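Before any comments, here is the structure.
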Amino acid sequence: MSSTEPFIHLDGLEKTFTVRRRAGLIRREKREVRAVDGISFGVERGEMVGYIGPNGAGKSTTIKMLTGILTPSGGRLRVAGIDPSRERTRLARRIGVVFGQRTTLWWDLPLKDSYRLMHRMYRIPDARYRENLDRYVNLLDLGDLLDVPVRQLSLGQRMRGDIAAALLHDPEVLYLDEPTIGLDVVSKAKVREFLKDLNGERGTTVLLTTHDLTDIEQLCSRVMVIDHGRLMYDGELAGLHGVGESERLLVVDLERELPPIEVPGARFVRAEGPRQWLAFPAADSAAPLVAAVAAAHPLVDLSVREPDIEAVIAKMYGGTREERRESLR
Amino acid sequence: MAETTTTTPVAGDDPPRPDGPSRTDDSRTDGSRTGDSPAYGVLGDSLRTYRMVAAMWIRSTMAYRVSFALTLFNSFCVTFFDFVVILLMFGQVKGLGGFSFAEVAFLYGTAGTAFGIADLTMGSLQRMGRRVRDGSLDTFLMRPAPLLAQVAADKFALRRFGRVVQALLVLVWSLFLLDVDWTPVKAVLLPVTVVCGAVIFGAVMVTGASALFWLQDAAEVTNAFTYGGNTLLQYPPTIFAQELVRGVVYVVPLAFVSWLPALYVLGRPAPAGVPDWAAFASPLVALVCCGVAGLAWRAGIRSYRSTGS
């Protein structure tokens, strides 16, 4: 590996899919879709980078090329000096992957059987394996789950199990694809804390795709935004135009239908029967706002919705994705 | 003080935890050198992976011994009834296409054993289509082990062993009934045939599974060749149309699984004008089939598209 090349290096990376669509009874139309359209960036060892973009922007396709699952249609790609699609199995020993929507564990087997198999498949030295297993079982609270078949685990439990599995062989890079999707607030916080420590203590390079802006805020000093297969932004999160203005939503369920709530620091968005939506700046704490609302109104329930990446990116370019698409035509 | 200076350079069994981004390249290359030794090669790696994954599935099946015994017995019975059909038929007729009961049982036994071994070891490939469709193949591709071995060993079902046992019993039985002039050549040819037959069936299964990378719902087409081929080979070639026989000689070379060598053992001429030496061509055919299957598989992986998300 040359010392000048970044640890992960993409140069004009492309991936096109041919989509066949039925047009009439027998005739089929061929159409080329550029999922990744000339992306270039470098990630140094030990960096923790957020890779974000709306659905279908090409995030997962990029990650899959980085792991060697998909073969690029064009451009150059190196991870730790290795061409992933050519030397997929060699690279596999040095990377860890967590897909939020899909488990890498053996579905029908107890968690510990999966780990045992990983131990042998990755040829992890025994002492190293035991040390890592103890460590991650401890940190991720997996002790009681080791004998449970993976299919019986809850989403949060499974995610923790998956993260441990991805780290048993001490990967130098960890790709995380939506690691907090579908998790409750407590589980999300646990996962984030763990990742932060991992990066700090072991210097693991982390590439993270997510829809949750809080993931990025708490974990990544650098963020890359991708849309329509192109890199739109690469830099600090603070530099992302629109992040500062993003808003969180407070959803309030009242005892009965009431006129719009007016409290300082929040803006009434809409009401639906006894439920009302209030928007407030994402940077502000929700606590005083909740207190103010509760003091003056008969509350039944409330929840806070975090701003998602989609909204931020939509703001970034002005207008929604659909509007932009319209303007492209 | 003195202690720390002496312990650091020693590469003990418990390597020092790499701290911070300064993790050394040395330890890494060392690790991959021991683990990735090129002496293993893809074949060795595949066998190792297969053994590992299959062993784990067997262990997990054995956790429920009674259930396993029942499914094994079930698998044995299902294939046994298959043979009962032949038994019943010979209750009514003296011969089938000029073949005696013992000869048909011999054909049944050789083809069935070869197919049983292939089904036992490669049968899981049938599920490939679903894996390609729902993208769960991604998981296998991320592991540092050959994909084919992982997919083939996945959910390794020892109960399929019932089929092998049943076919083997029929084969042994037929050997007692047969009136054959055994020569050393014939004695060697028989086990070689069964092994090569299993390899040919296995190669057909791999080729079929490769097609699933493009046509996710084509598993039934492969089944027509494997399960269908097995049934075809259990009967004498004389009862089938010559075109069909030629097809399984020259197109999908299933005739080499058992027909051609078995007919030689029985002292009968090869069907459909195929030269007699073809009876000994099974190993070569098996090799060619493996080559074709390997190429198809590689092409399949390279064109794998995964799924969205």
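The values are calculated or read from the model by the stated rules, or taken from the named source; none is laboratory data. Because the structure is a prediction, the values reported are computed rather than measured. Quick reminder, even Gly has a Cβ in these numbers, built from the backbone with ideal geometry, and neighbours come from all protein chains shown. Side chains included, ligands, DNA and RNA excluded: accessible areas come from the protein's heavy atoms. Shrake-Rupley method; radii C 1.70, N 1.55, O 1.52, S 1.80 Å.
Can you find even one residue in the stretch B:62-75 that is open to solvent by 50 Å² or more (accessible area, probe 1.4 Å), within 14 Å of chain A (Cβ to nearest Cβ), outside any helix (DSSP H, G or I) and farther than 30 Å from B:V104 by Cα?
Yes, that holds for at least one residue.
Being among the polar types (S, T, N, Q) and assigned to a helix (DSSP H, G or I) is the filter; apply it to the stretch B:109-163 and report the residue that is farthest from the other protein chains (Cβ to nearest Cβ).
Ranking the candidates gives B:T110 first.
Considering (1) open to solvent by 10 Å² or more (accessible area, probe 1.4 Å); (2) within 25 Å of A:V225 (Cβ to Cβ); (3) assigned to a helix (DSSP H, G or I), say which one A:R160 fails and leave the rest.
The failed condition is (2).
Under 9 Å by Cβ, and 6 or more places apart or on different chains, what pairs join a residue from the stretch A:286-300 that is surrounded by 12 or more Cβ atoms within 10 Å (Cβ to Cβ) with one that is assigned to a helix (DSSP H, G or I)?
A:L299/A:V290; A:L299/A:V293
List the pairs whose first member sits in the stretch B:291-309 and is more than 14 Å from every other protein chain (Cβ to nearest Cβ), whose second member is open to solvent by 30 Å² or more (accessible area, probe 1.4 Å) and modelled with pLDDT under 90, and whose Cβ atoms are under 9 Å apart, counting only residues at least 6 apart or on separate chains?
As it stands, the answer is B:A296/B:A211, since those pairs meet every condition given.
Yes/no per residue for (1) small (G, A, S); (2) modelled with pLDDT under 85; (3) in the same structural domain as A:V43 (by TED's automatic domain parsing):
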| residue | (1), (2), (3) |
| --- | --- |
| A:D253 | no, no, no |
| A:P259 | no, no, no |
| A:G265 | yes, yes, no |
| A:G273 | yes, no, no |
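May I ask you to list the residues in the stretch B:217-249 that are among the hydrophobic types (A, V, I, L, M, F, W, C) and either farther than 18 Å from B:S100 by Cα or not in a helix (DSSP H, G or I) (or both)?
Listed by number, the residues that qualify are B:A218, B:A219, B:V221, B:A224, B:F225, B:F240, B:A241, B:L244, B:V245, B:V248, B:V249.
For the stretch A:33-51, which residues satisfy the criterion of being surrounded by fewer than 18 Cβ atoms within 10 Å (Cβ to Cβ) and of a type in the set (V, I, T)?
A:V33
Being more than 14 Å from chain B (Cβ to nearest Cβ) and either under 18 Å from the mean Cα position of the chain (by Cα) or within 28 Å of A:S285 (Cα to Cα) (or both) is the requirement here; does A:L176 meet it?
When the stated conditions are applied, A:L176 does not pass them.
Considering only residues that are small (G, A, S) and on the phi < 0 side of the Ramachandran plot, which ones fall in the stretch B:224-271?
Once the filter is applied, which keeps residues that are small (G, A, S) and on the phi < 0 side of the Ramachandran plot, the stretch B:224-271 yields B:A224, B:G228, B:G229, B:A241, B:G247, B:A255, B:S258, B:A262, B:A270.
Considering only the stretch B:136-195, how many residues are open to solvent by 60 Å² or more (accessible area, probe 1.4 Å) and in contact with a Lys or Arg (Cβ under 9 Å, 6 or more places away or on another chain)?
Residues flagged as open to solvent by 60 Å² or more (accessible area, probe 1.4 Å) and in contact with a Lys or Arg (Cβ under 9 Å, 6 or more places away or on another chain) within the stretch B:136-195 amount to 1.
What helices (runs of 4 or more DSSP H), lying completely within the stretch A:56-140, carry at least 2 residues that are in contact (Cβ under 8 Å) with a residue 12 or more places away in the chain, surrounded by 17 or more Cβ atoms within 10 Å (Cβ to Cβ) and more than 8 Å from chain B (Cβ to nearest Cβ)?
Counting at least 2 such residues, we get A:59-67, A:111-121, A:126-139.
Quickly run through the stretch B:216-243 and pick out the residues that are of a type in the set (A, V, I, L, M) and either touching a helix residue (DSSP H, G or I) at 6+ places or on another chain (Cβ under 8 Å) or open to solvent by less than 30 Å² (accessible area, probe 1.4 Å) (or both).
Selection gives B:A218, B:A219, B:V221, B:L232, B:L233.
Please list, ordered by first then second residue, the pairs with beta carbon atoms under 6 Å, 6 or more apart or interchain, first in the stretch B:79-93 and open to solvent by 40 Å² or more (accessible area, probe 1.4 Å), second assigned to a helix (DSSP H, G or I) and not β-branched (V, I, T).
B:F80/B:Q166
Tell me whether the stretch A:15-31 contains one or more residues that are among the aliphatic types (A, V, I, L, M), away from chain B (no Cβ under 14 Å), open to solvent by 50 Å² or more (accessible area, probe 1.4 Å) and more than 29 Å from A:S221 (Cα to Cα).
The answer is yes, given that some residue of the stretch A:15-31 is among the aliphatic types (A, V, I, L, M), away from chain B (no Cβ under 14 Å), open to solvent by 50 Å² or more (accessible area, probe 1.4 Å) and more than 29 Å from A:S221 (Cα to Cα).
Which members of the stretch B:293-307 meet the condition of being assigned to a helix (DSSP H, G or I) and surrounded by fewer than 15 Cβ atoms within 10 Å (Cβ to Cβ)?
B:L295, B:R298, B:A299, B:R302
Can you report the number of residues in the stretch B:256-276 which are more than 18 Å from B:W182 (Cα to Cα) and part of a helix (DSSP H, G or I)?
Total satisfying the criteria: 1.
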